[in-house]
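The next block holds one structure in the form of structure tokens; read it before the comments.
The values are calculated or read from the model by the stated rules, or taken from the named source; none is laboratory data. What you see is a predicted model; the values in this text were computed from it and never measured. With ideal geometry, Cβ positions are generated from the backbone for all residues, glycine too; neighbour counts draw on all protein chains shown. The protein model used for the area step is the full one, side chains on, heavy atoms only, and it has no ligands, DNA or RNA in it. Shrake-Rupley method; radii C 1.70, N 1.55, O 1.52, S 1.80 Å.
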Amino acid sequence: MFPSSCKYSELYPVLFLTLSIGGIILNVIVITIADGQGREAAKLHDLNEPLIDHAEGQDFLNEAFKVIMDEVLCKGTDVKQKVCEWKEPDELALLLDLELRATGETQHRLLQRVRDVAKYSTKTCHPRFFNQQFAGVDYHSLAGQFLTDALNTNICTYELGPVFVLMEAEVLRGLRQLVGWAEGDGIFCPGGSISNMYAVNLARYQLFPEVKTKGLCSLPKLTIFTSPESHFSVKKGAAFLGIGTDNVILVKVDDSAKQMYSLSVPFCQGAVPLLISCTSGTTVRGAFDPLDHIADVCERHKLWMHVDAAWGGSVLFSKQHTHLMKGVDRANSIAWNPHKMLLAGLQCSAFLLKDTTNLLKRCHSANATYLFQQDKFYDMNLDIGDKSVQCSRRVDCLKLWLMWKAVGSDGLAERVDKAFIHVRYLVEQMKKREGFQLLAEPEFVNVCFWYIPPSLRGKEGNADYHDRLAKVAPVIKERMMKQGTMMVGYQPLGDRVNFFRMVVFSPLVSQKDMDFFLNEIERLGSDL
């Protein structure tokens with residue numbers, strides 16, 4: 001008999017079975033665990049131990065870092081390796097085994113997952129990745145990224161991010177100093193698009209503070225002015241903020257994509273002009289708007305002047321090229337992405353503000369008492385979260401701070417200057433080769449050109465010339481991607497059919513890479 005005093009009898013229903021096997025009588029006790037009390041009791045020993053095994057986790061992390069070093073930072077920066085190991089979507093999905101399941105996998109299998117992710121991802125740190133306005137790798141910045149993710153903190157209050165609240169203020173001060181502002185404000189945002197939206201929101205609040213409480217119904221129709229080649233986030237911001245894309249007025253530009261010097265504000269009946277969004281380094285052609293002239297217009301009409309310098313802002317580090325942004329100190333706000341030309345790593349986007357009246361906080365604050373208590377034991381001005389439209393905000397300043405500390409302002413200026421030198425060399429070599437046709441002389445580090453294959457040379461007057469030319473860049477792009485030799489973007493623009501946009505700024509790039517680029521375009525397109 002099963003003794004009634006046994007501890008199991010108090011926990012589980014017990015079933016007694018008598019079996020006869022080969023004449024031997026066996027008493028079998030079957031214990032069934034009830035769904036409720038019994039199961040929980042069986043797990044009581046787990047409550048005194050963490051669910052995560054730190055030793056096992058740290059071992060996994062060490063092994064994962066080895067994969068990252070090998071696959072991404074060694075192979076990924078080696079010109080002998082592919083920029084991308086191309087796979088068609090269905091094949092890649094099957095290869096990666098993306099399905100999520102109820103049970104976990106072994107560490108060995110997980111490390112293979114890490115290898116696969118690294119292997120089949122595009123290597124933006126490769127010297128021949130020219131596709132976007134971010135590329136290359138800065139190891140100090142990357143260390144900052146790793147440290148940020150490991151600490152996994154928020155920058156909304158001083159108690160959560162004491163180091164980073166102070167650090168962000170100092171980095172923003174350093175960026176404003178390059179602009180020419182002795183005072184001001186700012187915040188790191190999740191991208192230049194959000195920075196541009198901040199500018200519109202602040203301009204509107206400054207002019208009509210009642211919008212915060214009464215909403216759009218309290219406002220007249222507002223208009224925003226910008227270039228046709230400005231970033232699409234200007235229109236997106238107008239839509240998101242309820243201003244409407246129809247109320248974004250595109251100002252005519254000259255042949256170099258700059259805003260016209262004859263810029264005037266076309267007043268629409270019943271509409272209030274709000275803001276002019278200038279661009280320092282347009283996305284496609286890298287053009288810089290004439291900021292001094294636009295500042296004159298803004299002062300005359302009392303308009304907010306915003307400069308989208310997400311791409312071109314880093315020329316402010318260079319004594320040779322800072323003239324491209326002459327007049328930027330007259331702006332009200334600036335968007336600047338150090339994750340682009342400076343290689344600070346995605347994402348690192350600063351929104352800079354000339355205002356000293358705490359406009360950011362007044363516009364966005366919600367005064368959440370559970371987070372921004374007014375009786376804290378430290379200076380509550382250090383709780384900067386209410387300046388943001390976000391609650392949780394990751395630390396993006398550490399990447400830039402650590403990199404800036406490592407190489408100094410002079411080192412960052414050298415990166416900018418070197419990029420311009422490479423561009424001049426590339427353009428000179430293009431002019432020596434048959435088949436390369438520039439859209440215009442580059443003002444920045446964007447080199448826009450057509451490649452004219454031998455079959456189209458001398459046939460510019462044919463009726464189908466532009467239709468055939470439009471197909472050249474897509475075919476060359478497909479070939480380079482599938483072969484993995486390099487990566488560069490293309491696009492149409494207005495009445496101009498598809499052309500390549502080569503962006504040159506990574507410190508990893510050499511003149512040999514410029515030569516390879518031209519040779520590879522010729523090789524991939526010679527039979528078209």
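Details
Quick grid of which residues meet (1) modelled with pLDDT of 95 or more; (2) within 18 Å of the chain's Cα centre (by Cα); (3) closer than 30 Å to Asn381 by Cα:
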residue	(1), (2), (3)
Arg113	yes, no, no
Val117	yes, no, no
Ser121	yes, yes, no
Ala135	no, yes, no
Tyr139	yes, yes, no
Ala143	yes, yes, yes
Thr148	yes, yes, yes
Asn154	no, no, yes
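- Tally of residues being surrounded by 24 or more Cβ atoms within 10 Å (Cβ to Cβ), closer than 17 Å to Val251 by Cα and in contact with a helix residue (DSSP H, G or I) (Cβ under 7 Å, 6 or more places away or on another chain) across the range 292-318: 4
- Sole exception among (1) over 29 Å from the mean Cα position of the chain (by Cα); (2) open to solvent by 40 Å² or more (accessible area, probe 1.4 Å); (3) at negative phi for Pro453, by number: (2)
- The set of residues in the range 97-119 that are under 21 Å from Met487 (Cβ atoms) and open to solvent by 40 Å² or more (accessible area, probe 1.4 Å) comprises Val117, Lys119.
- Filtered by the rule that a residue be part of a helix (DSSP H, G or I), open to solvent by 100 Å² or more (accessible area, probe 1.4 Å) and either within 21 Å of Met487 (Cβ to Cβ) or in contact (Cβ under 8 Å) with a residue 24 or more places away in the chain (or both), the range 41-94 gives a lone residue, Glu56.
- If the condition is being among the β-branched types (Val, Ile, Thr) and part of a loop (DSSP other than H, G, I, E, B), then the range 111-137 contributes Thr122, Thr124, Val137.
- Members of the range 491-512 that are within 19 Å of Val427 (Cα to Cα) and of a type in the set (Lys, Arg): Arg501, Lys512
- Checklist (1) open to solvent by less than 70 Å² (accessible area, probe 1.4 Å); (2) touching a residue at least 60 places away in the same chain (Cβ under 8 Å) applied to Trp401, failing item: (1)
- Filter result for the condition that a residue is part of a helix (DSSP H, G or I) and farther than 30 Å from Met502 by Cβ, over His108, His140: His108
- Residues that are within 18 Å of Gly489 (Cα to Cα) and either open to solvent by 60 Å² or more (accessible area, probe 1.4 Å) or among the acidic types (Asp, Glu) (or both), drawn from the range 408-440: Gln437
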